[in-house]
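Taking it in order: structure first as structure tokens, then the write-up.
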Amino acid sequence: MSLEIFDHLNPDSLLEGLNPQQQEAVKYRGRSLLIVAGAGSGKTKVLTHRIAHLLANKEVWPSQILAITFTNKAAAEMRERVEGLVGQAGQGMWLKTFHSACLQILRREAERLGHDSNFSVYDTGDTRALLKRLLREAGAEDADIKPSQAAAIISNAKNELKDAEDFARNADRSNPRERIVAEVFQAYTAELRRNNAFDFDDLIGETVGLFQAFPELRARYQKRFRHVLVDEYQDTNHAQYALIREFTRPLPEEHAIFDDRTGEQLGPADLTVVGDSDQSIYAFRGADIRNITEFERDFPGAQTILLEQNYRSTQNILSAANAVISQNPYRPAKNLWTDSGAGEKITIFTAYDERNEAAFVVDRIKNLHAEGINYRDIAVLYRTNSLTPSLEAELKSQLMPYAVIGGLKFFERREIKDALAYLSAVSNGRDDEAVRRVINTPARGIGQKTELKIAQFARQNDLSFRQALMHAGDLQLGPKLTASVTSFGELLNELEAMTVTDGPAEVLKLALSKSGYRGELEISRDPQDEARVENLDALLGQLFEWQATNPEGTVADYLAEVTLAAAADEIEDESGSVSLMTLHTAKGLEYQVVFLIGLEQGTLPHIRAFDEPGGLQEERRLMYVGMTRARQHLYITHALQRTVFGNTSGFTTSMFLNDIPQELVDSEGQERSISQTREPTKWAGAINTPSAVRDNKDLELAVGDRLNHESFGEGSVVSVSGNPPRQTAEVRFQSGVTKRLLVKMAPITKI
């Protein structure tokens, strides 16, 4: 191949349409370049034009370019854009994810590590299955370590480039959990080697180890790749950072590399990284923000170029986002701006509760859609999945198409299906599938063989599966298994008897508690299990609300309503679906309209952030990411109270909202939101809210006081906290429901 294939390219034409800072980033030549690309500032355009500019100037062969991204989608988009600029001449470049680039290197060099080139790569399922067996063999039952927990610990260690020996040396041998994980880590490593396999984390870690152990190999790849470009650099963890360093750090003299044409000695590859420390939100995955904030220290003489002109959002949205993120300490100064105009003010809506919040969001979406905005151009963003039940219920009731992005819809999540299966098993004694779903959930030692024996006995004796549980003594299972099966059957019988005197919410609450299901999730160290507890709390909260408005409703009634509501999932509209997603999932996306919900202390910022170093700063970056997803319209909502696990509690407004300048905001809702000087309530379209939300600013309650609530009837105060106007009261109503109310706003009258 000759460089003449680039003769048709005009380097100057690749600068057309770029602003001065973008042009500077494309043209810069030097060892190290950091492009600080604010949200919506055209970073992908700059990166692809920089690659095309190198080729158009005939400075490199396509095969000498290594561009690394985090996702296959981003890599494919980058390739498509570069080839759109240079045509087929761009073929031969390595535009890959971290893992795919390392996989290709390991396929070529595996023998150096004692592996065959046809090694297997274990995915998450393979890893957990192997760890499950190894934990069982290590006798880990008493230590209560799940395969998912062990997998997370091992993954974190590998991302810090620590192998099993490193982990074992630093493990606290007096701690049974650490000792067992250390032993299992070593056994896991041995099994991978025996099976000629790497896991996902090994792909990067082993490649780094390969370059460190064989400098001549590192020299070969440094000669191969003369330009290394990395996207989303703020999201790199230690192993990924170390990989980049291996491509770009100087070689020992004895392994010096030379230009084949000129004979001149070559230095390390030139490095270009693109990122934004204000969008570093993946610390829980091991991302280290210092990789970007300390870039100039790591690469002396590096050039830094700021891209601050935004091509996505209106100035009001950008000014609000700038105001929020500016409160983070130790961040490089950056101020996004646009020449597309001020746009509409941000709407901040104060909801009475989560149902009022959901009603506002869906009502406003309905109006926007009627004005011609497609559903696909609207997104609802939130900190945790536990905020979606009321929203999903309202979307379904309004027959509005929606899709949960990056996760399951609420009623499709495993823990929700498990919880509803308990209710189904109690409500319908012949629902064998429901009983079998939860017979060993949580684990009771009842395996598939035992389950099969019960099913066969039921068929032979014309019994339901649940009825057969009470005949465990006839199945010759052994004393321990017989007791376990019988105990499960008795639990279902107890719950069924409870349905005569108590509502569905109390039945489910006891089922989750007495079965051990909730307790097992609570003691887990897996962050996913913490989210599952939040989802179960959200389900219970919704069920208590349903029960309050359906006092005669049965378990079967509730399950039927849930099933019917699920039919709305099939609705589609030619304008697409409203997107629901967490703030983490939203990164890199943009929408014409964005709703940010749940802006309360403890939700965003999340309660955990107050106990973690740098936690509040990362939560603020999450808020910034969410705000900058919006192009034209940004709505932010928060609720005065939410029902969690059947108890209604008052919430204070997120500290982040106090940072938004008042002149950028239109306030709507139950009170004047953040500032008492803002305009009073404008929106009166809420549904499912108490008919007369009062301002009980002078009402003070004491334990023993009797009151009447518009929805829940008469009740008595069992505890109070705080003073007016922020006093909250826990009230036990005659229906048996207990609620925590914000006295100032609750629709109550003292008797």
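The values are calculated or read from the model by the stated rules, or taken from the named source; none is laboratory data. Since the structure is predicted, the reported quantities are computational estimates derived from the model, not experimental observations. FYI the Cβ positions are ideal-geometry reconstructions off the backbone, even for glycines, and counts take in every protein chain you see. Note: accessible area is taken over every heavy atom of the protein model, side chains too, but ligands, DNA and RNA are not part of it. Shrake-Rupley method; radii C 1.70, N 1.55, O 1.52, S 1.80 Å.
Highlighted here are the strands (runs of 3 or more DSSP E) found entirely within the range 288-387 that include at least 1 residues which are farther than 27 Å from Pro401 by Cα and in contact (Cβ under 8 Å) with a residue 12 or more places away in the chain: 303-307. Residue pairs whose Cβ atoms lie under 9 Å apart, separated by 6 or more positions or on different chains, with the first residue in the range 139-160 and within 16 Å of Arg179 (Cα to Cα) and the second among the β-branched types (Val, Ile, Thr) and at pLDDT below 80, are Ala151/Thr124.
Screening Tyr422 with (1) in contact (Cβ under 8 Å) with a residue 60 or more places away in the chain; (2) among the hydroxyl-bearing types (Ser, Thr, Tyr); (3) not in a helix (DSSP H, G or I) gives one miss only, at (3). Scan the range 560-570 and tell me whether some residue there is open to solvent by 20 Å² or more (accessible area, probe 1.4 Å) and either at pLDDT 85 or above or part of a loop (DSSP other than H, G, I, E, B) (or both). No, that holds for no residue.
Could you tell me whether any residue of the range 368-378 is at pLDDT below 85, farther than 24 Å from Tyr624 by Cβ, of a type outside the set (Asp, Glu) and surrounded by fewer than 19 Cβ atoms within 10 Å (Cβ to Cβ)? Outline the logic, then answer.
Taking the range 368-378 first, the residues at pLDDT below 85 are none.
Looking through the range 368-378, none of the residues is at pLDDT below 85, farther than 24 Å from Tyr624 by Cβ, of a type outside the set (Asp, Glu) and surrounded by fewer than 19 Cβ atoms within 10 Å (Cβ to Cβ).
Just one of Asp537, Asp502 is modelled with pLDDT of 85 or more and not in a helix (DSSP H, G or I); which is it? After applying the criteria, what remains is Asp502.
Could you count how many residues in the range 150-170 are of a type in the set (S, T, N, Q) and surrounded by 19 or more Cβ atoms within 10 Å (Cβ to Cβ)?
Just the residues of the range 150-170 that are of a type in the set (S, T, N, Q), to begin with: 155-156, 159, 170.
The next check asks that each one be surrounded by 19 or more Cβ atoms within 10 Å (Cβ to Cβ); those that pass are 159.
Selection size over the range 150-170: 1.
When the range 699-751 is limited to residues that are at pLDDT below 85 and of a type in the set (Asp, Glu), the one that is farthest from the chain's Cα centre (by Cα) turns out to be Glu710.
Do we find that Ala187 is at pLDDT below 95, within 29 Å of Tyr282 (Cα to Cα) and hydrophobic (A, V, I, L, M, F, W, C) in this structure? Reasoning before the result, please.
Values: at pLDDT below 95: yes; within 29 Å of Tyr282 (Cα to Cα): no; hydrophobic (A, V, I, L, M, F, W, C): yes.
Taking the combined requirement at face value, the residue does not satisfy it.
Could you go through the range 518-534 and let me know if any residue there is of a type in the set (Asp, Glu), crowded, with 20+ Cβ neighbours inside 10 Å, more than 28 Å from His471 (Cβ to Cβ) and in contact (Cβ under 8 Å) with a residue 60 or more places away in the chain. Checked the range 518-534: no residue is of a type in the set (Asp, Glu), crowded, with 20+ Cβ neighbours inside 10 Å, more than 28 Å from His471 (Cβ to Cβ) and in contact (Cβ under 8 Å) with a residue 60 or more places away in the chain. Count of the range 57-85 residues, restricted to those that are of a type in the set (S, T, N, Q) and farther than 16 Å from Arg29 by Cα, is 4. Among the residues of the range 258-270, those that are within 46 Å of the chain's Cα centre (by Cα) and surrounded by fewer than 18 Cβ atoms within 10 Å (Cβ to Cβ) comprise Leu266, Gly267.
Return yes when Lys73 is basic (Lys, Arg) and touching a residue at least 12 places away in the same chain (Cβ under 8 Å) and no when it is not.
no
Within the range 86-107, track down each residue that is within 16 Å of Asn196 (Cβ to Cβ) and either basic (Lys, Arg) or at pLDDT below 75 (or both). Selection gives Arg107 alone.
Is it the case that the range 635-646 has a residue that's crowded, with 22+ Cβ neighbours inside 10 Å, part of a loop (DSSP other than H, G, I, E, B), of a type in the set (S, T, N, Q) and modelled with pLDDT of 90 or more? No, that holds for no residue. If I ask for residues that are touching a Ser or Thr at 6+ places or on another chain (Cβ under 8 Å), more than 21 Å from Val426 (Cα to Cα) and surrounded by 16 or more Cβ atoms within 10 Å (Cβ to Cβ), which ones from the range 442-493 would you list? Answer for the range 442-493, where residues must be touching a Ser or Thr at 6+ places or on another chain (Cβ under 8 Å), more than 21 Å from Val426 (Cα to Cα) and surrounded by 16 or more Cβ atoms within 10 Å (Cβ to Cβ): Leu475, Leu477, Leu481. Scanning the range 404-416 for residues that are out of contact with any strand residue (DSSP E or B) (no Cβ under 6 Å at 6 or more places or on another chain) and surrounded by 17 or more Cβ atoms within 10 Å (Cβ to Cβ), which turns out nearest to Lys480 (Cα to Cα)? The qualifying residue nearest to Lys480 (Cα to Cα) is Glu415. Look at the range 110-132: where a residue is among the acidic types (Asp, Glu) and a partner is open to solvent by 70 Å² or more (accessible area, probe 1.4 Å), sitting 6+ places away or on another chain with Cβ atoms under 9 Å, you get Asp123/Phe200.
Got a number for residues in the range 86-98 being assigned to a helix (DSSP H, G or I) and surrounded by fewer than 19 Cβ atoms within 10 Å (Cβ to Cβ)? Walk me through it before giving the result.
Of all residues in the range 86-98, those assigned to a helix (DSSP H, G or I) come to 86-90, 98.
Checking which are surrounded by fewer than 19 Cβ atoms within 10 Å (Cβ to Cβ) leaves us with 87-88.
Residues in the range 86-98 being assigned to a helix (DSSP H, G or I) and surrounded by fewer than 19 Cβ atoms within 10 Å (Cβ to Cβ): 2 in total.
Evaluated against (1) of a type in the set (Asp, Glu); (2) modelled with pLDDT under 65; (3) over 20 Å from Ala323 (Cβ atoms), Glu679 falls short on exactly one condition, (3).
Out of all the residues in the range 106-124, which are small (Gly, Ala, Ser) and open to solvent by 50 Å² or more (accessible area, probe 1.4 Å)?
Of the range 106-124, the ones small (Gly, Ala, Ser) are 110, 114, 117, 120.
Once the filter is applied, which keeps residues that are small (Gly, Ala, Ser) and open to solvent by 50 Å² or more (accessible area, probe 1.4 Å), the range 106-124 yields Gly114, Ser117, Ser120.
Taken together, Leu106, Leu66, Leu55 contain a single residue that is more than 27 Å from Asn310 (Cα to Cα), outside any helix (DSSP H, G or I) and of a type outside the set (D, E, K, R), which is Leu66. Which members of the range 234-273 meet the condition of being outside any loop (DSSP other than H, G, I, E, B) and within 21 Å of Glu59 (Cα to Cα)? If the condition is that a residue be outside any loop (DSSP other than H, G, I, E, B) and within 21 Å of Glu59 (Cα to Cα), then Phe247, Thr248, Ile257, Phe258, Gln265, Leu266, Asp270, Leu271, Thr272, Val273 are the ones that fit. Under the condition of being farther than 21 Å from Ala287 by Cα, touching a helix residue (DSSP H, G or I) at 6+ places or on another chain (Cβ under 8 Å) and open to solvent by 20 Å² or more (accessible area, probe 1.4 Å), the residues counted in the range 50-74 number 5.
The one condition from (1) modelled with pLDDT of 90 or more; (2) more than 24 Å from the chain's Cα centre (by Cα); (3) at negative phi that Gly341 does not meet is (3).
Can you tell me which residue within the range 287-315, out of those that are open to solvent by 20 Å² or more (accessible area, probe 1.4 Å), under 21 Å from Asn335 (Cα atoms) and under 24 Å from the mean Cα position of the chain (by Cα), is modelled with the highest pLDDT? For the range 287-315, the residue satisfying everything is Arg312.
Among the candidates Val324, Val273, single out the residue that is under 24 Å from Arg224 (Cα atoms), open to solvent by less than 10 Å² (accessible area, probe 1.4 Å) and modelled with pLDDT of 90 or more.
Working: Val324 fails: under 24 Å from Arg224 (Cα atoms).
Exactly one of Val324, Val273 is under 24 Å from Arg224 (Cα atoms), open to solvent by less than 10 Å² (accessible area, probe 1.4 Å) and modelled with pLDDT of 90 or more, namely Val273.
Working carefully through the options Ile446, Ile454, find the one that is in a loop (DSSP other than H, G, I, E, B) and closer than 15 Å to Thr486 by Cα.
Ile446
In summary, Gly588 fulfils each of the numbered conditions (1) assigned to a helix (DSSP H, G or I); (2) modelled with pLDDT under 90 with the single exception of condition (1). Does Glu496 fit the bill of being at pLDDT 90 or above and either hydroxyl-bearing (Ser, Thr, Tyr) or open to solvent by 50 Å² or more (accessible area, probe 1.4 Å) (or both)? Answer is yes for this residue.
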